[in-house]
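Scroll down for the structure; my scribbles are underneath it.
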Amino acid sequence: MNSALPPLLEAQHITRRLPEGVTLVQDASVKVERGEFIAITGPSGSGKSSLLYLLGLLDRPTEGRVLLEGRDTASLSAAELANLRLARLGFVFQFHFLLPEFSTLDNVLIPIRRLGRLKDAAARAQAMKLLEALGMAEAAAKLPEQLSGGMRQRAAIARALANDPAIILADEPTGNLDTRNAAAVFDIFQRLAAEEGRAILVVTHDAELAKRANRRIHLVDGRIVSDTRAG
Amino acid sequence: MKLIFDLARGMLSRRRRQTLVSVMGVALGVAFFIAIASLMRGFQTYFIEQVIDVQPHIVVKDETRRPLPQAAEIAHPDGAVALSGVKPTERIRGIRASAEKMAILEGIPGVFSSPILTGQALLRYGSRDVSVSITGIEPARYRRVSNLEKDLIQGSMEDLRSTANGLIIGIGLAQKLGVGFGDTIIAISPKGISLQMKIVGIFRTGLTTLDNQAGYTLLKVNQILQDRPNVVNQILLRLNDVTAAEALARQIEARFGDRSESWEEQNRNVLTVFVIQNAIMYSVTGAILLVAAFGIYNIISTVVFEKTRDIAILKSLGFTEGDIQWLFLLQGMIAGLLGAALGCALGQIMIEGLAQIRFQTETPAGNDRFLLAHDWRIFAVASFFAILAASIAAVVPARRAARLDPVQTIRGAA
């Protein structure tokens with residue numbers, strides 16, 4: 001890895017405490033490089049998701065700082081963070097969160113149109129390309145309720161990839177899927193990391209799937225207790 | 001912005017029935033507002049037009065608004081002057097130097113004046129006596145300030161000149177006396193002077209008081225009848241611009257001292273009733289719109305509540321608080337806009353319906369139907385307030401939506 005470049009994403013001693021005094025994440029430091037496929041594991045309530053939201057700029061740490069491509073995000077406004085999420089990050093959640101009123105294609109188009117870098121035709125082409133790559137071309141015109149669980153999650157991944165983000169953050173993306181579909185989602189993540197050089201952070205409690213990642217971060221009670229690279 | 005509009009439209013179109021109900025609420029408010037406003041405005045406009053049409057715009061009278069100041073008050077303007085037991089001097093009533101004043105008034109562009117002398121008289125025909133109010137006019141000038149010529153059903157104003165002691169009377173008066181066109185009657189004034197007069201015209205205005213009690217003759221003839229030679233006791237003015245009447249009346253009064261009343265002042269009681277009428281109308285229709293606004297508030301609140309997940313994902317995707325607020329504000333505005341459009345159509349239908357109604361009354365002016373204003377401004381005002389009310393109603397839930405924390409929602413959904 002090239003040490004001259006700043007890490008893609010870096011958390012420096014971040015702590016997240018709720019106003020009621022509960023500590024979700026305690027003094028966590030993580031560096032994420034391009035092409036890494038990281039599984040965040042731990043028992044329920046260990047702060048895996050909270051750490052992911054902090055790294056995904058959805059939440060702000062009480063202490064410490066999060067740097068995206070070397071840039072400190074602490075001083076950015078909510079709108080600036082939103083723009084960074086739009087352009088640089090992609091989210092996949094356990095629940096697909098597709099807007100039920102819109103077709104699969106339109107759902108994928110939402111972040112592209114919000115960013116506004118592509119003209120209508122180019123935006124549609126980009127969205128179709130993403131759906132095709134995930135084997136979803138024939139589902140483009142369908143509403144989310146007409147899709148199976150696995151297809152919905154693949155549509156959600158396509159949406160996360162819409163603006164060609166550097167980092168994909170996934171929170172229990174296979175939690176609602178059967179084994180076969182779960183494996184397919186991890187195949188996609190592996191490919192995105194290995195072939196396209198994106199950083200993938202996946203929160204999961206499935207130890208078997210976590211083994212397929214090339215780095216595993218284990219949390220207990222909000223603290224990182226191990227950070228191991230496979231191979 | 002187009003994207004947010006598309007999202008708003010998509011969210012609304014999926015709950016069609018709810019949207020339709022709240023849109024109907026707004027539409028009914030708008031429609032009633034339009035119907036009632038055009039009804040009221042129609043009547044008021046008709047009334048004012050009648051007043052402006054029939055009455056002179058300014059009447060200069062041979063009175064003063066306050067008693068004339070006493071010599072001691074003029075000599076000591078700042079002094080504490082108290083006068084008691086003052087007996088007003090007997091002075092000849094009438095507008096002083098009326099010819100000069102009229103010359104000045106005629107000099108103002110767009111102003112036409114006509115001098116008149118009014119007085120009481122008793123008309124006698126056979127054994128019948130009827131007390132009437134006689135107005136002495138100069139036909140050529142009077143024609144410019146009044147509608148008498150239009151209201152004549154027999155004879156003409158010119159006949160006043162060509163006939164010695166000609167008299168024009170109202171139809172009701174003619175029927176009461178039992179006289180017809182061309183008959184000769186006797187007029188007796190309070191001063192005891194009696195003249196033989198010939199009926200040279202009969203008019204009908206539709207106003208009972210005029211038709212039953214008014215007569216017109218030449219100014220000179222009335223001056224003889226009233227024994228007030230060369231006296232004019234009112235100057236009637238008509239203006240091209242009726243809205244300038246009040247200001248001009250104040251100027252004339254300040255300049256000449258004679259009491260001058262604009263048509264607005266003469267009809268102030270009725271015009272005040274209009275103001276109260278309008279206030280009642282606006283508060284009633286405002287209440288309808290308020291209820292409609294609660295409907296909008298209700299639906300947007302429901303949408304925000306149901307769409308918590310969608311709001312969370314949009315925010316995590318990178319939509320700002322402002323985007324989310326717009327998204328829901330737009331939904332309220334769309335509902336308001338649809339309601340306004342539907343309401344305008346409905347209002348037009350209601351106006352058409354009201355226009356079909358006929359009353360079985362026989363008023364002389366022929367008012368057997370509603371007088372309806374067809375004014376696009378009523379539609380514009382109603383639509384504007386409907387959209388405004390809908391937008392305001394949507395602001396509160398939209399702000400709540402914008403402030404939702406996506407992390408909490410996503411955590412809860414997982």
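Here, each number is a calculation from the coordinates, and none is a lab measurement. Nothing here was measured: the structure is a model prediction, and the numbers come from that model. Cβ sites come from the backbone with ideal geometry, for glycine too, and all protein chains shown count toward neighbours.
Just a few scattered comments:
- Euclidean distance of C-alpha centroids, segment B:216-244 and segment B:110-151, integer Å: 8 Å
- Short-range pairs are left out: with C-alpha atoms under 8 Å and at least six residues apart, the relative contact order of chain A is 30 percent.
- Placing +1 on the Cβ of every Lys and Arg and -1 on the Cβ of every Asp and Glu, with nothing else charged, gives the protein assembly as shown a dipole about its Cα centre of roughly 400 debye.
- Per residue, the Cα convex hull of segment B:94-159 amounts to 111 Å³.
- Set of lysines near residue A:48 by C-alpha distance (under 16 Å), chain-local residues within fewer than 8 positions excluded: A:31
- Taken as Cα centroids, segment B:279-324 and segment A:102-170 sit 29 Å apart, rounded to the nearest whole angstrom.
- Inter-site label distance for residue B:164 and residue B:49 at 7 Å from Cα along Cβ, in nm: 4.6 nm
- Sparse-neighbour loop sites [GluC sites (Glu not before Pro); segment B:90-119; at most 15 other C-beta within 10 Å; DSSP]: B:90
- The mean sequence separation of alpha-carbon pairs under 8 Å and at least six residues apart, normalised by the residue count of segment B:92-194, gives a relative contact order of 27 percent.
- Distance between modelled label sites at residue B:118 and residue B:86, nm, 7 Å Cα→Cβ extension: 2.7 nm
- Charged side chains reduced to their Cβ positions (Lys and Arg at +1, Asp and Glu at -1) give segment A:142-231 a dipole of some 160 debye around its Cα centre.
- Taken one residue at a time, the phi angles of segment B:109-122 give Karplus couplings (6.51, -1.76, 1.60, θ = phi - 60°) of x, x, 10, 10, 10, 8, x, 9, 10, 9, x, 8, 7, 10 Hz. Gly and Pro are set to x.
- Mean projection of the Cα convex hull over all viewing directions, computed for segment A:93-191: 5.9 nm².
- Averaged over peptide A:91-98, the number of partner chain Cβ atoms lying within 10 Å of each residue's Cβ comes to 5.
- By DSSP, the beta bridges lying fully in the protein assembly as shown are antiparallel in about 65 percent of cases.
- Listed residues A:139, A:158, A:78, most fluctuating in chain A (Gaussian network, C-alpha, under 10 Å): A:78
- For residue B:307, a cut-off of 19 angstrom between C-alpha atoms picks up these aspartates and glutamates, skipping any fewer than 8 places away in its own chain: A:101, A:106, A:145, B:6, B:321, B:323, B:405.
- Relative contact order for chain B, counting Cα pairs under 8 Å that sit 6 or more residues apart, in percent: 27 percent
- Stretchable slack from residue B:196 to residue B:388, in nm (0.36 nm times residue separation minus alpha-carbon distance): 62.1 nm
- Above-threshold pairs, the threshold being 19 Å between Cα atoms, out of B:101/B:150; A:142/B:315; B:61/B:101: B:101/B:150; A:142/B:315
- A Förster radius of 30 Å, combined with the Cβ-Cβ distance separating residue B:207 from residue B:78, puts the computed FRET efficiency at roughly 0.05.
- For residue A:202, nonlocal amide neighbours, meaning residues 5 or more places apart or on other chains whose placed amide H falls under 5 Å from its own, are A:38, A:39, A:40, A:170.
- Straight-line reach from residue B:2: taking Cα to Cα under 17 Å and skipping same-chain neighbours fewer than 8 places apart, the lysines in range are A:119.
- Segment A:181-231 and segment B:52-109 have Cα centres spaced 102 Å apart.
- Per-residue mean of foreign Cβ neighbours for A:80-86 is 4 (Cβ atoms of other chains, 10 Å radius).
- Shielding value for B:2-9 is 3, the average number of Cβ atoms from other chains within 10 Å of each residue's Cβ.
- For the pair residue B:96 and residue B:302, the difference between a 0.36 nm per residue extended length and the Cα-Cα distance amounts to 66.5 nm.
- Cα-based equivalent ellipsoid of the protein assembly as shown: semi-axis lengths in Å, sorted from largest, via gyration tensor: 92, 28, 18
- For chain A, the alpha carbon convex hull comes to 133 Å³ per residue, rounded to a whole number.
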